[in-house]
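The values are calculated or read from the model by the stated rules, or taken from the named source; none is laboratory data. Keep in mind that what you see is a predicted model, and the values were worked out from it rather than measured. Here Cβ is always computed from backbone atoms with ideal geometry, including for glycine, and neighbour counts include all displayed protein chains.
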Amino acid sequence: MLQDVLQKVLGGASATGTTAKVLGQAGVLRPHHPVALARAAKALRDWGTGPAGGFTAAALLDPRRTAIVDELGELTYADVHRRSNALARAFAELGVSEGDSVALMCRNHRGFVDASIATAKLGADILYLNTAFAGPQLVDVLEREKPTVVVHDEEFTSLLEKADVGTSVLGWTDGGADGHTLEALIDSQPGDDVTPPGRHGRIVILTSGTTGTPKGAPRSEAGIDAAVSLLSRMPLKYGWRTHIAAPLFHTWGFAHLAMAMLLGSTVVLRRRFDPEQCLAVTQDERCDSLVVIPVMLQRIMALPEDTLARYDLSRVQVVASSGSALPGDLATDWMDHFGENLYNIYGSTEVAYASIADPVDLREAPSAAGKPPYATIVKILDGDGQELPAGETGRIFVGNGLLFEGYTGGGHKEVVDGLMSTGDVGRFDENGRLHVEGRDDEMIVSGGENVFPKEVEDCLMRHAAVVEVAAVGVDDADFGKRLRAFVVTSSEVSEDELKGHVKENLARYKVPREIVFLDELPRNATGKVLKRELDTD
């Protein structure tokens, strides 16, 4: 039985109790031909539970199932296995070997998947580059990480010109292109099985870079408990069709690509996000789940009502959001339009996941981060590392099976008794829900009182004219510090009206000193606001 294989192969996890219940509900524990099951078990033993072993096992268990749907068409799991074998051989000829790294700067398409699996099959590390990086950021990261090969879409060629990238390979081209392309490399090699390496490669995901040069956060392959944790509070099912709109290079997008290995999902990809196209793709591709970052939900909900009404998402059972907090009443607005299907995950690049808010949580407390899933510990600690009771605000620390191993350039997050800091502050309410109140370095003291920008941002987001908002601390002669708010509006509204809205709902010392109107907020590719680029002088 598959549960016996899981017990023996996936990190020794017991396929009993909670694990068996969750995997059973997800449809993972299902009948398979004994020969296919034996081969899949061997693949997991040889290749591990990362992209190499996971996709190989999936191809052995269900080779004809559609794995990828993108602008170029469909690929089965057998196709993906064959293509990644060929590409692994081609990468080896380009000099990639165990312990090296391959950097990917690609949008969401088959090439991202091909290159990730091929790199893992060589025992090399996979470095995911943010597609919104500026030239200087790329130079800094590539000089620090020194990948053997860089795979990038043609549109990023000029950005990479100043970086010493060694060998470059084009992951996507819009026409004829000189030099190496992934498709040409795949066509140049046989697709039969390659020999497993002696080392399992790591996944290196970069931090968002909202406060400086992005840091590399490496993570070894996850065991079965990592998947069970997410599935314990998010009812994804085997064989679903899922549209991953979130960037695959982001922790959240990659997590669902990894979940596809276990769930036999059909992953639907589009290179660029467009709010109406996202609705159309989700509907037309008959998707059961949609994976997004919160700013994508914001942009969808900003569409005209008649546009929203044209799309039927009744088939969608899970809309999985992560990457930042859901602002204002976004959660309830979404569910009022599309049903009780929204799940919001709180975590970070360093700790992966910490808590999950399900539709019930989001109805009762729209700004809550939810509750810790299975095999995850979350504690609120004071400045001395002592745990605080419910209701009291402190630093958030997390323990799970996916904590990162320390930044590739050196340094680490603070760890207390095996729990890692997220860099945020928050509290638990009386119902056991986590509330994230902001970054621990964003809090200001105004008139002797602690003020977190997020509370003021959420308040302003509830004004009918406000579409986006970010608040930062600035010096103030009377209060020491006050907030300056930057807003994007959908209709004309005065600064005094917005200040009055805050004053009606929050304490006087939380009213922004001034409000600046912008056409848009500066964001990175994962939707996080780049507050360092806002004018705080």
Exercise for the section: Name, by its number, the condition in (1) in contact (Cβ under 8 Å) with a residue 40 or more places away in the chain; (2) surrounded by fewer than 21 Cβ atoms within 10 Å (Cβ to Cβ); (3) in the same structural domain as ASP496 (by TED's automatic domain parsing) that does not hold for LEU403. Expected result: (3)
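Residue by residue, here is whether (1) out of contact with any helix residue (DSSP H, G or I) (no Cβ under 6 Å at 6 or more places or on another chain); (2) within 28 Å of LEU530 (Cβ to Cβ) holds:
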{"site": "CYS106", "(1), (2)": "no, yes"}
{"site": "ASP114", "(1), (2)": "no, no"}
{"site": "ILE117", "(1), (2)": "no, no"}
{"site": "ALA124", "(1), (2)": "yes, no"}
{"site": "GLY135", "(1), (2)": "no, yes"}
{"site": "GLU145", "(1), (2)": "yes, yes"}
{"site": "THR148", "(1), (2)": "yes, no"}
{"site": "GLU155", "(1), (2)": "yes, yes"}
{"site": "LEU170", "(1), (2)": "no, no"}
Fill in the blank from the handout: Of the residues in segment 1-49, those that are modelled with pLDDT of 85 or more, over 18 Å from TYR77 (Cβ atoms) and of a type in the set (D, E, K, R) come to LYS21, ARG45
Exercise for the section: Consider GLU468 carefully, then state whether it is touching a residue at least 60 places away in the same chain (Cβ under 8 Å), more than 27 Å from ALA302 (Cα to Cα), in contact with a helix residue (DSSP H, G or I) (Cβ under 8 Å, 6 or more places away or on another chain) and not assigned by TED's automatic domain parsing to the domain that holds SER367. Expected result: no
Problem - Condition check for ASP429: within 23 Å of GLY323 (Cα to Cα) and surrounded by fewer than 18 Cβ atoms within 10 Å (Cβ to Cβ) - result: yes
Exercise for the section: Considering each of ARG144, ARG110, ARG219 in turn, give the residue that is at pLDDT 90 or above and either within 24 Å of the chain's Cα centre (by Cα) or over 24 Å from ALA58 (Cβ atoms) (or both). Expected result: ARG110
Problem - Selection within segment 473-489 - assigned to a strand (DSSP E or B) and either at pLDDT below 90 or over 26 Å from the mean Cα position of the chain (by Cα) (or both) - result: GLY473, VAL474, ASP475, ASP476, GLY480, LYS481, ARG482, LEU483, ARG484, ALA485, THR489
Practice task
Kindly provide the set of residues from segment 495-504 that are under 20 Å from ASP535 (Cβ atoms) and surrounded by fewer than 18 Cβ atoms within 10 Å (Cβ to Cβ), ordered by number.
Solution key: GLU495, LYS499
Practice task
Determine which member of the set VAL529, VAL488, VAL466 is touching a Leu at 6+ places or on another chain (Cβ under 9 Å) and under 16 Å from ARG439 (Cβ atoms).
Solution key: VAL529
Practice task
Residues that are under 21 Å from the mean Cα position of the chain (by Cα): find the strands (runs of 3 or more DSSP E) completely inside segment 363-443 holding 3 or more of those.
Solution key: 394-399, 419-428, 434-439
Exercise for the section: Look through segment 233-272, keep the residues that are among the polar types (S, T, N, Q) and either in the same structural domain as ARG202 (by TED's automatic domain parsing) or not in a loop (DSSP other than H, G, I, E, B) (or both), and return whichever of them is surrounded by the most Cβ atoms within 10 Å (Cβ to Cβ). Expected result: THR251
Problem - Unique residue being assigned to a loop (DSSP other than H, G, I, E, B), of a type in the set (S, T, N, Q) and under 29 Å from GLY50 (Cβ atoms) when the list is SER324, SER314 - result: SER324
Exercise for the section: Consider only pairs whose beta carbons are under 6 Å apart and that are at least six residues apart or on different chains; among these, list those whose first residue lies in segment 361-387 and is among the polar types (S, T, N, Q) and whose second residue is part of a loop (DSSP other than H, G, I, E, B) and surrounded by 16 or more Cβ atoms within 10 Å (Cβ to Cβ). Expected result: THR376/ASN400
